[in-house]
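*Asks:* Take this structure, written in structure tokens, and hold onto it; I'll ask about it next.
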Amino acid sequence: MDEYGNSGEGRATRRDEAVRAAVEQGLLGPDSPIVGLLDVTGIRESAAELRAAFAEVTAPGTPVLHAFAVKATPLVPVLRLLREEGIGAEVASPGELALARAAGLSPAQTVLDSPAKTPAELREALALGIAVNADNPQELDRIDGLVRSAVSRSPLGIRVNPQLGGGSIGATSTATATSKFGVALRDEGAREWVMRAYLDRPWLSRLHAHTGSQGIPLPLMAQGVAETYALAEEINRRIGRPQIDTIDIGGGLPVNFASDVTAPTYAEYARALREAAPGLFDGRYGLVTEFGRSLLAKHGTIVARVEYAKSAGGRAVAVTHAGVQVATRTVYVPGSWPLRITAYDGKGRPKSGPEVVQDVAGPACFAGDLLAEGRALPLLDQGDYAAALDTGAYYFAHHYAYNSLARPGIYGFVPAHAGGVRFATVRDPQTLSSIVAESGGAHAGALTTLHAPGSR
């Protein structure tokens, strides 16, 4: 049982029931060979655990905004569900902001972070009153001009990089010496520039840092927050008043992809933060968090039908409909992003029997399109189903259009009162006509009208 009741065993039971029900209700089958499933009960429980963990360590009355990193699962129904559970949105593009607004998130529940905001993006955010963290001096110059030209209610701050080093996955380490994010505090003159930026701009009221994501150990994450807090204290002392009133500590809590257990928990992280920076929670600062993967990963499952079962070089190979198009990171960097695979039979029931070392392959036309290689599982046969677990974040909602493979339908589920499972459509399966339209179908003859001078 997880610390606040989000049981790994309970998740596994709900997942098994959902896979069976998806087959029985026709969401999965020969004509719909791949789906994404979202455990609504689990998502609600994770949101509650997050709120409870920080409520435990913060002074009563402290304003806290938990803003879900939309990049993790950019689906409007997911954002609406999280809004209902008291979670806002952290957006990093015009598209993500549009999704948050479509889900009903208010400007006060929204934070804009991005290393490449255009003038138009900044103008829109400031007009709406959305919080903005400036990534660099040039962006702050742009914000200066916008603030001078129009009154804005937006809380404004600067993102800093404490340059503490990376974790086990370089691509998700954002506090390295050369990270592209934020103002690099240990570079010559950078810390003094940050100080001067706040001294010269009384309207700068926030400070933001994000140490990293998957692969970053808890002590390093806590150290990044502690150094950000210490910088806020130093700035406020130098100014002589509490100008910085809110610290955005980012997200990045890693996910355990090895089992159904949630580890680390939000409660463990919150306590580690309180130990590293106790003054952060005494009520003098409002807090913003930006968790993404840790809220959704364990509540999503990709389920794909085994179209063919074959062998090559003496090894069994299950050819499924889930590969690089839904699990891009796993296919291209399997060492950093391995996924657990569970075998189900043709009726959607957990498959038993002797384990056989086998490959679970995807449908794309290149040799490396493998969900799992050399994995010991009950032997997958034609018509069975392979489920990729812990895929609720950064997987089936991030489709990669290799071979023009269609995006799968996504369905949320909850246990039904009278037994069974209830489903709701989160995203319809992509149609072939949609693929054609996205591939320039309306402009089929456009290139034939172009001729170089003298070519005809």
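*Asks:* Determine, from the Cβ-Cβ distance of T13 and T118 and an R0 of 60 Å, the FRET efficiency 1/(1 + (r/R0)^6), rounded to the nearest 0.05. Walk me through the numbers on the way to the answer.
*Replies:* Working: r = 47 Å, r/R0 = 0.78.
It comes to 0.80.
*Asks:* Hey, can you rank 147-153, 221-227 by average C-beta count inside 10 Å, highest first? Spell out each step's value before the answer.
*Replies:* On the way: 147-153: 11.9, 221-227: 22.6.
Final packing ranking: 221-227, 147-153.
*Asks:* Also, quick follow-up: Mind giving me the FRET efficiency for H443 and S106? R0 is 51 Å, r the Cβ-Cβ distance, nearest 0.05 is fine. Could you put the intermediate results ahead of the total?
*Replies:* On the way: r = 38 Å, r/R0 = 0.75.
Efficiency for this residue pair is about 0.85.
*Asks:* Among all the lysines, which ones have a C-alpha under 21 Å from K310's C-alpha, if same-chain residues fewer than 8 places away are not counted?
*Replies:* Within reach: K347, K351.
*Asks:* Stretched out fully, how many nm does the piece from I239 to E275 gain, at 0.36 nm a residue minus the Cα gap?
*Replies:* On the way: separation 36, 0.36 × 36 = 12.96 nm, distance 2.67 nm.
Net length gain for the segment: 10.3 nm.
*Asks:* What order do you get for V76, V426 when you list them from fewest to most C-beta neighbours inside 10 Å? Please list the in-between numbers first.
*Replies:* Details: V76 17, V426 22.
In order of increasing Cβ crowding within 10 Å: V76, V426.
*Asks:* Still on this structure, please answer the following. Work from the charge dipole of the chain (Cβ charges, +1 for Lys and Arg, -1 for Asp and Glu, about the Cα centre) and give the residue of L128, A18, V225 farthest towards its positive end.
*Replies:* The Cα lying farthest towards the positive end belongs to L128.
*Asks:* Which lysines, on any chain, are close to K117 with Cα under 19 Å apart, when same-chain ones fewer than 8 places away are left out?
*Replies:* Counting by Cα, and skipping residues close in sequence, K117 has these lysines nearby: K71, K180.
*Asks:* Tell me the label-point distance for the pair A263, W193, using the 7 Å Cα-to-Cβ offset, in nm and rounded to one decimal.
*Replies:* A separation of 4.2 nm, rounded to one decimal place.
*Asks:* Additional query: If I stretch the segment between K310 and A367 completely, what's the gain in nm (0.36 nm per residue apart, minus their alpha carbon distance), one decimal?
*Replies:* On the way: separation 57, 0.36 × 57 = 20.52 nm, distance 1.48 nm.
Gain in length upon complete extension: 19.0 nm.
*Asks:* Still on this model: So how far, in whole Å, is the C-alpha centre of region 190-206 from the one of region 392-456?
*Replies:* Here the answer is 45 Å between Cα centres.
*Asks:* Moving to a separate point now. Would you mind ranking E96, E373, E438, E188 by Cβ crowding within 10 Å, fewest neighbours first? Provide the component values of the computation, followed by the final result.
*Replies:* Working: E96 21, E373 15, E438 11, E188 8.
Going from least to most buried by this count: E188, E438, E373, E96.
*Asks:* So what is the 222 nm mean residue ellipticity for the chain from helices alone, if each DSSP H run of at least 4 adds -39500 (n - 2.57) and you divide by all residues, rounding to the nearest 500 deg cm²/dmol? Walk me through the intermediate numbers first.
*Replies:* Numbers: 12 runs with 136 residues, N = 456.
Mean residue ellipticity at 222 nm (helix-derived): -9000 deg cm²/dmol.
Rule-based calculations on the coordinates, nothing more; no lab input. Note that the structure is a prediction, hence the values are computed from the model and not measured. As a convention, Cβ positions derive from the backbone with ideal geometry for all residues, glycine included, and neighbour counts pool all protein chains shown.
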